[in-house]
Each structure stands twice: as structure tokens, then as C-alpha cells.
1. According to a simple spin-label model (label point 7 Å from Cα along Cα-to-Cβ), what is the distance in nm between ILE131 and ASN110?
2. At 1.4 Å probe size, put PHE115, PHE91 in order of accessible surface, largest to smallest.
3. Given contacts defined as C-alpha pairs under 8 Å and at least six residues apart, what's the relative contact order of the chain, whole-number percent?
4. How big is the charge dipole of the stretch 175-251 about its Cα centre, in debye rounded to the nearest 20, if each Lys and Arg gets +1 on its Cβ and each Asp and Glu gets -1 on its Cβ?
5. Mind jotting down the three principal axis lengths of the stretch 8-145 based on Cα atoms? Whole angstrom, largest first.
6. Select from the chain the helices, each a whole stretch of DSSP H, whose alpha-carbon atoms run 24 Å or more along the helix axis and whose Kyte-Doolittle mean is at least -0.5; answer none if there are none.
7. What percentage of all Cα-Cα pairs in the stretch 117-251 are separated by more than 23 Å?
8. Give me the tail of P(r) for the stretch 79-195 as a percent: Cα-Cα pairs with distance above 18 Å.
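The values are calculated or read from the model by the stated rules, or taken from the named source; none is laboratory data. This structure is a prediction, so every number in the text was calculated from the model and none was measured. Here the Cβ positions follow ideal geometry from the backbone for every residue, glycine too, while neighbour counts run over all protein chains shown. Heads up: the accessible areas ignore ligands, DNA and RNA and are worked out on the full protein's heavy atoms, side chains in. Shrake-Rupley method; radii C 1.70, N 1.55, O 1.52, S 1.80 Å.
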Amino acid sequence: MANSRSGETVIGRIVRVLETFDTDRTVQTAAEIGRRARLPSSTAHRIVADLVECGLLERDEEQRVRLGMRLWELALRGSHALRLRQAALPFMERVQARVREHTQLAVVENGETLFVERLSHPRAGANITRIAGRLPLHASSSGLVLLAHGPQELRERVLAGPLEAVSPETVTDPVLLRRVLAGARRDGVVVAPGTVEAVSTGVAVPVREGRGRVVAALSVVLPRSAPTGPAAEVLRSAAAGISATLGAHRP
């Protein structure tokens, strides 16, 4: 792709445009997109127009812009996340029927915890995570599982910091974090009270593919006062079921 005068590729500028959308900002004007993507107004308007024409963005009646259904369609075709969600959902539903709070599935994406599915009871307690939402790897029970079982290079990069505090109880001491990760590998479960929100406890276990590599974390978010042992056992059973399903459908 041709570069701009700054040396940035067209693809790079398109990605910057798409990244201006998030779960709290689903509709924008082209001018707002340009400011947030740090692009000249004419460039932003041209890219937005091209993306609208091919269906990756859509305009509403007020000419504001949102992500297009075509983008969603393309993202799901052959997606590893889709295959993982399809394998996990029946088991997540069983977990959710038992815990009646929040049940989540997360993966590592670009050095962060990306939540690809969540089931929630209408009267469940606090939980800031959302589908397609992200958190630092050290700052949730799911992320701690993924970090513990991930590549050593990734662990060392995260441990080198800076370690952001999402809540006052997020582990930001690299020495303590290293011990937490070792415990996660030893015990096969992470129990993280207050790591994201003071009133909640995250409980997470690894999900393995057929060859044993950890590909996801399955977790529940419970009220701080709730017992965690029963949830951990339900999660372990569900994770084993997901792993068996992934192994049975391995290409």
C-alpha cells in the first residue's frame, strides 16, 4: 500500500480510523473520527467515504458513522475466536446456570486480555468487562491465567512494567506478581479478590486445545463475600469439556 508523506501506509490509517470506535463510542461524525485518529480532515473524510462505500462503515440518517455489518461478517469468517466461542458456549451456559453471576471467556490479543464472550444474570454483581473489552494481562483473574501459561517472553515483558493499577488491589509489584503467576501454574486456578473491582472476586482456569496449549481463560466474577471453591470446580469441569470439544474438531 502507498505511504503517506509521513511514511504511514494506507492500511495503517484505516486501522487508526477503525480504532476510534469502542463500546462507549459506537457512532461518530467523520470530523470526530479525524480528530481521534489524528488525521487531516480531508484524509479522514476520504477514508470514511471509501469504507462506507465498501460496507465496512455505515452512515445513519444524520450522516453519522458506525461500524458496518460487513466488517462483522468478515471478522467472523474462519475466525479462531468464533470457533472457540462455539466450543465454549454450551459449557459456559452450564457454569452460568450454577453461579448465576458473570461467566466469561478471554484470550490474549496484542499483549492484553480480550474478552470474547460473557454471560450475565440480570441481578449479577458489579463487572466492568464487556464482550470485545480489554484489560491489562495482570489486572484480572482471566489475564493472570493467560499470563501464567503464556510465552515466557510475554511474561517478562509484562513483569518489566509499568504495571497499571485498575483497582487499589491490582497486583503491581513484579515480585509478588511473579509469585501469583507461579501459583496459577501450580494450582490450575486463579482467585483474584478485588483485582478489578473491590466488591468482586474473579475466579479463572485455563482452557487448553487438543495439544495442551492454553488458548483461553474461563472465568466467573462473584460477589466478594461468595465462596470460590464450588465455582472453581465448576470451571475446571467446563474447561475440560471445552478442551475436549476443541480437540475433537481440530483440523
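1. 2.0 nm
2. Values: PHE115 5, PHE91 35 Å².
So the residues, ranked largest to smallest area, are PHE91, PHE115.
3. Details: 441 pairs, mean separation 35.6, N = 251.
Computed value for the chain: 14 percent relative contact order.
4. Numbers: 10 positive and 4 negative charges, 74 e Å.
Approximately 360 debye in magnitude.
5. 53, 31, 31
6. Numbers: long enough: 80-99 (27 Å, -0.08); 229-248 (29 Å, 0.79).
Membrane-span-like by this criterion, though nothing is claimed about a membrane: 80-99, 229-248.
7. Numbers: 2866 of 9045 pairs.
Cα-Cα pairs in the stretch 117-251 separated by more than 23 Å: 32 percent.
8. Summing the P(r) tail past 18 Å for the stretch 79-195 gives 53 percent.
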